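The values are calculated or read from the model by the stated rules, or taken from the named source; none is laboratory data. Here the structure is a predicted model, which means the values were calculated and not measured. In this analysis, Cβ positions are derived from the backbone assuming ideal geometry, glycine residues included, and neighbour counts consider all displayed protein chains.
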Amino acid sequence: MTSGDTCSTPAPHRAASDADLGRAAHEPVVRTLLEPRSVAVVGASNDLRKPGARVLRNIVTHGYEGEVFPVSQGSEIVQGLPAYTSVTALPRTPDVAIVAIPIAGAVAVTEECARRGVRAVVLISADPPGSDDHHDALARVRERYPGTRILGASSLGVHGGHARFAGNFGTATEGEFDFVPSDVFILSQSGGVGGYVLSAAHASGLKIGGYISTGREVDLTFAELLTKTVDEYAPRLVLGYLEGTQDLAAFSSALQYARQRDVVVVLLRGGVTGAGRSAARRHSGLEPFDDESWRAAVDGAGALTARSIEEMLDIARAAASRRCRKDARFSVVAASGGATVLMVDALAQEGFGLARWQDSDKAELRRLLPEQAVLDNPIDATGAIFSRRHTLRSVLEVCVRHDGTDAVILTLGNMPHLDEHVFAEISAIASEAGKLVVVVWAGGSPDAVRRLAGLGVLAFSDAARCAYALRRAADIGPA
């Protein structure tokens with residue numbers, strides 16, 4: 001991360017020409033937002049109670065390597081970087097400007113950025129709740145300067161895993177956070193909810209390549225950002241939170257386009273009740289979806305709807321793994337008879353069936369397990385599955401080789417003294433299997449699901465959650 005050499009002598013600059021604006025209009029806007037070569041933070045300060053200060057801190061503490069230009073009226077040095085009094089005073093034109101000052105001043109700054117040729121302006125600034133007083137003024141800026149795109153207003157900002165760019169004032173990336181190139185992205189009309197999804201995804205082991213908070217969509221809409229994300233990154237998976245839309249046809253078309261490009265879209269809808277829709281209108285300023293239009297747009301495009309953040313991430317992790325067919329046959333293995341009952345119930349309730357094991361198929365298992373083990377699928381291997389170091393692996397290998405088995409589910413829990421050994425065995429089988437291997441870790445070791453995810457193993461903390469997520473992923477079709 002670098003900044004300019006001086007904060008007192010601006011380089012000469014000119015207003016953006018028509019040619020400049022034409023070229024900028026065709027720039028990849030999502031990649032510009034998530035991987036800028038340079039960024040200005042307007043409203044930067046040393047007071048971490050203020051959004052501009054938190055934006056700057058997040059950018060500089062996570063290893064972003066582009067140029068950073070604090071813009072501040074009150075300080076010559078901000079968080080150790082030379083500051084500038086205005087965007088006009090900057091020595092070079094930044095790719096992105098993040099504006100975190102009161103909205104009345106933000107309109108003028110947005111126009112200043114546009115005149116300077118800034119490619120994208122992220123407006124943290126917001127009208128008071130229930131007010132859109134500055135929406136029209138910002139729209140006019142956009143019309144006059146088509147080469148500058150506006151994200152917001154009321155945006156939390158962006159998160160770019162590929163460039164280690166935390167251009168937001170949220171807290172999701174505080175502390176240890178993995179910034180990694182990933183083909184999973186988040187778009188959200190709520191900065192807070194999007195931040196919750198980002199941090200929960202990280203905690204579950206699901207890596208996120210980018211997150212964009214759309215805010216009140218004065219210019220860039222959820223639909224356009226989805227289409228451009230698909231074009232610019234070819235993601236495997238996009239997670240979205242929405243409350244409404246300005247253009248239902250455009251939203252539907254964006255979902256259809258994602259489907260055509262084999263991008264899985266999992267959506268969480270806010271405002272599903274009368275009270276929720278009223279709250280959504282006040283929050284986003286958008287017209288909430290009604291049930292019929294939502295189903296027509298989302299179901300018609302093959303996108304998936306989740307009922308909660310937790311469910312969204314369950315579906316996302318299942319969809320991002322090796323997906324099974326709707327008619328898949330499972331073999332279930334557990335160290336507890338009760339755990340097999342719960343798992344089989346959950347699978348049956350989602351329409352899945354069990355693989356049939358013939359006596360000849362069970363012979364190998366009988367050599368590995370004691371007489372009290374139940375070898376009819378579901379397989380209650382008892383605690384003997386851990387009696388010898390490689391028994392677990394051997395049992396799983398038999399299940400994976402079984403011709404009638406499409407996927408294997410292993411249910412475990414409460415084994416802190418065996419964790420490392422068990423994780424290594426499961427990871428080895430899952431990576432070599434050629435079939436879906438899933439773990440339900442139902443008790444003890446609260447970070448087991450995350451640790452398994454870090455090893456590339458799909459895991460859940462509950463049988464019902466597992467079966468539901470697998471079914472929703474199967475609805476998409478095999479990967």
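Output the residues belonging to segment 36-45 that are surrounded by 21 or more Cβ atoms within 10 Å (Cβ to Cβ) and not in a strand (DSSP E or B).
Pro36, Gly43, Ala44, Ser45
Taking segment 336-373 as the region of interest, how many residues are under 35 Å from the mean Cα position of the chain (by Cα), within 20 Å of Thr391 (Cβ to Cβ) and surrounded by fewer than 21 Cβ atoms within 10 Å (Cβ to Cβ)?
Qualifying residue count for the region: 1.
Considering each residue of segment 143-186, count those that are surrounded by fewer than 20 Cβ atoms within 10 Å (Cβ to Cβ) and either assigned to a helix (DSSP H, G or I) or aliphatic (A, V, I, L, M) (or both), and give that number.
So the answer is 3.
Take Val333 and tell me if it is closer than 30 Å to Ala384 by Cβ, modelled with pLDDT of 95 or more and surrounded by 14 or more Cβ atoms within 10 Å (Cβ to Cβ).
Considered against the rule, which asks whether it is closer than 30 Å to Ala384 by Cβ, modelled with pLDDT of 95 or more and surrounded by 14 or more Cβ atoms within 10 Å (Cβ to Cβ), Val333 comes out as yes.
Can you give me the number of residues within segment 295-312 that are farther than 9 Å from Ser252 by Cα and either in contact with a helix residue (DSSP H, G or I) (Cβ under 8 Å, 6 or more places away or on another chain) or assigned to a helix (DSSP H, G or I) (or both)?
Looking only at that region, the number is 11.
So the check is Cβ under 8 Å with 6+ separation or different chains; which pairs have a first residue in segment 232-257 that's in contact (Cβ under 8 Å) with a residue 60 or more places away in the chain and a second one that's surrounded by fewer than 17 Cβ atoms within 10 Å (Cβ to Cβ)?
Listed pairs, sorted by first residue: Glu232/Pro28; Tyr233/Asp183; Arg236/Asp183; Leu237/Asp183.
With the requirement that a residue be surrounded by fewer than 24 Cβ atoms within 10 Å (Cβ to Cβ) and touching a Phe, Trp or Tyr at 6+ places or on another chain (Cβ under 6 Å), what does segment 209-232 give you?
Of everything in segment 209-232, those that are surrounded by fewer than 24 Cβ atoms within 10 Å (Cβ to Cβ) and touching a Phe, Trp or Tyr at 6+ places or on another chain (Cβ under 6 Å) turn out to be Gly209, Thr227.
Determine if segment 83-94 includes at least one residue that is within 28 Å of Ser199 (Cα to Cα) and outside the structural domain of Ala280 (by TED's automatic domain parsing).
Checked segment 83-94: no residue is within 28 Å of Ser199 (Cα to Cα) and outside the structural domain of Ala280 (by TED's automatic domain parsing).
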